[in-house]
Structures are given as C-alpha cells and as structure tokens.
Amino acid sequence: MTKKLLTTALSLLVASLILVGCSEKSKDSQPAAKYITIKGSDTMVHLASAWAEAYMEAHPDADLSVTGGGSGTGIAALLNGTTDICIASRSIKTKEVTLAKEKGLNPNEIVTSRDGIAVVVNPGNPVTELTIEQIGKIYTGVYTNWSQLGGGDHEIVILSRESSSGTYVFFQEHVMKKKDYSANAMLMPSTSAIIQSVSQDAWAIGYVGLGYGVQAGDKVKMLHVKTDADAPAVVPSVATVQDASYGIARPLHFYTNGTPAGITKGFVDFVLSDAGQKIVLESGYVPIN
C-alpha cells in the first residue's frame, strides 16, 4: 500500500512539473504586447489618429489608442506613467522637466511636423486681414469692437482654447507677448468647438490649427496676417509655413520617456518616414522634410 501511494505521489509530482513547464513555455512563447497609448494636444489628435490608423493597417498585431485633452494633459499623463507618447503643440516647460527628473523620468522630445495657427472669423465679417499686434490687442482686451479694426460697429466675441491647451500657451507667448487674456475671452473645450462657434456667430474670432482651418472649408474665414503694419498680409498655408512668411507657426512634438524602444520606436520611425510625412501633408499640416 505504501509503495503504491509513493508511486502515485511521484506520478502527480512529475505531472505537475510538466504542467508548470508547459505553462512557462507558453508564457515565453507569447508575443510581446504591442499596445501603446498616445495622448495630448487636440491640435494633433486628427494627425496622430491618421498616423495610428496607417500604422495599424500595416501592422495588424499593433493596437494604438489616441486621445486628446490638451498638451498639458498629455505631458501630465507622461509624467504619471499613463501614456507612452505625449503629443504636444508646445515645448515642455522647465518646471515639467524638473518634475519628471524628480520622478526618475527622462522626457525625450521628437519634432514630428509643423503647424500654422490660423486666426478665424465668420465668413460674413468684412475684416480680411490683421497684424499680429492687432490680434494680440483683441485677445488682451485693448480692442473690443470691430469698428476699431475697419469692421462694423459690433462687439468682438473672443474665443480661446482652455489653459491646458498647448495652442493657448503658444498663442499667449507669441501673439499676446505673454500678457493676460481678456476677462471677456470665452474658453472653449476643443478646437472643433471654436470652429462651430465662429461659424455660427458673425462677430466671433478664434484661433485653430491650420489643419482644422482648412478642413472647416467655408464655415469660417482664415484671416491674412501681417507680421507688422508694413509687411504683406499672408494667408496661412503649408507653403507659407514652410517658407516662414506666415508669422504664427510652431513645431509639433512627441514626448516619450527616454529613447523610444519596441513598438513605440517602430511607430515613431514610421511618423518620421516619407510615408508618415506624406500623411502630415495630406492632413493639412506641414512636413519637416
């Protein structure tokens, strides 16, 4: 009886070891996860989604998730470890880099494309051009009526992105010369909300990424912008951003924690490739090469 029990126990032990071995082998043989998250700039959501769709079509085993919320939200997600790639329409701030270092992170900046910021009004507005200084004075509250700018006697309705938006920050720094936004400025939750509001309000003014302005078509009118009173008025376009004749333009970034590796590197390489930069152009943005 004892011999029989020992034989049975030994058999069970061998069987369990075989099962464990098979289980470990099964785990080792499974492919590495190919899921990455991309979060941040609303300006870049359309472009990043187009990149992601093209990449997943070429790599069926990859799964990419793209969400907006603003550049600040994306950078916060990167610092909190809840996104693999932050998309940002502004540069990371010194205080954000310091916070990252405190957390043992190493933000890595990758310029993926360029964008012009289009200043848009309702198609019924007779004003067709403004200087950067005039636009800045609208947003700081110096100008409050379109009659001050060659238009009709109508109060200017100021539309802006929220403070978490990279476009909000860039616009404040480069157009408003770091002055405060007017207390009358209405903060909109998304670029599409600005487009919709301008299309419906005859006396509204807003700013949007070039790609959104182009996509909106005749729903809004993109103003011609002069760098100063004596300069020519330039319409925002791929060509005028590339030749630097349009005065309100900026780079668009990816931020990763350290040098990209694995599927993240594969996706970044695709974005910077000829195929990826072709998507930039097709989406209404400006390629870097």
In the range 231-270, the residues that are touching a strand residue (DSSP E or B) at 6+ places or on another chain (Cβ under 7 Å), under 20 Å from Y212 (Cα atoms) and of a type in the set (A, V, I, L, M, F, W, C): V234, V235, V238, V241, I248, A249, L252, F254
Test: residue in the range 231-253 that is of a type in the set (D, E) and under 30 Å from A76 (Cα atoms): no
Only one of V225, V198, V169 that is in the same structural domain as G124 (by TED's automatic domain parsing), assigned to a helix (DSSP H, G or I) and buried (at least 22 other Cβ atoms within 10 Å of the Cβ): V198
Subset of the range 246-284 that is of a type in the set (F, W, Y) and either in a helix (DSSP H, G or I) or without any contact (Cβ under 8 Å) to a residue 60 or more places away in the chain (or both) - its residue that is surrounded by the most Cβ atoms within 10 Å (Cβ to Cβ): F267
Residue within the range 37-56 that is farther than 28 Å from V286 by Cα and at pLDDT 50 or above present: no
Flag if V142 is aliphatic (A, V, I, L, M), loosely packed, with under 14 Cβ neighbours inside 10 Å and within 28 Å of V234 (Cβ to Cβ): yes
Qualifying residue in the range 120-130 (condition: surrounded by fewer than 21 Cβ atoms within 10 Å (Cβ to Cβ) and part of a strand (DSSP E or B)): yes
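The values are calculated or read from the model by the stated rules, or taken from the named source; none is laboratory data. This is a predicted model, so every value here is computed, not measured. Glycine also receives a Cβ, built like all others from the backbone with ideal geometry; neighbour counts cover every protein chain displayed.
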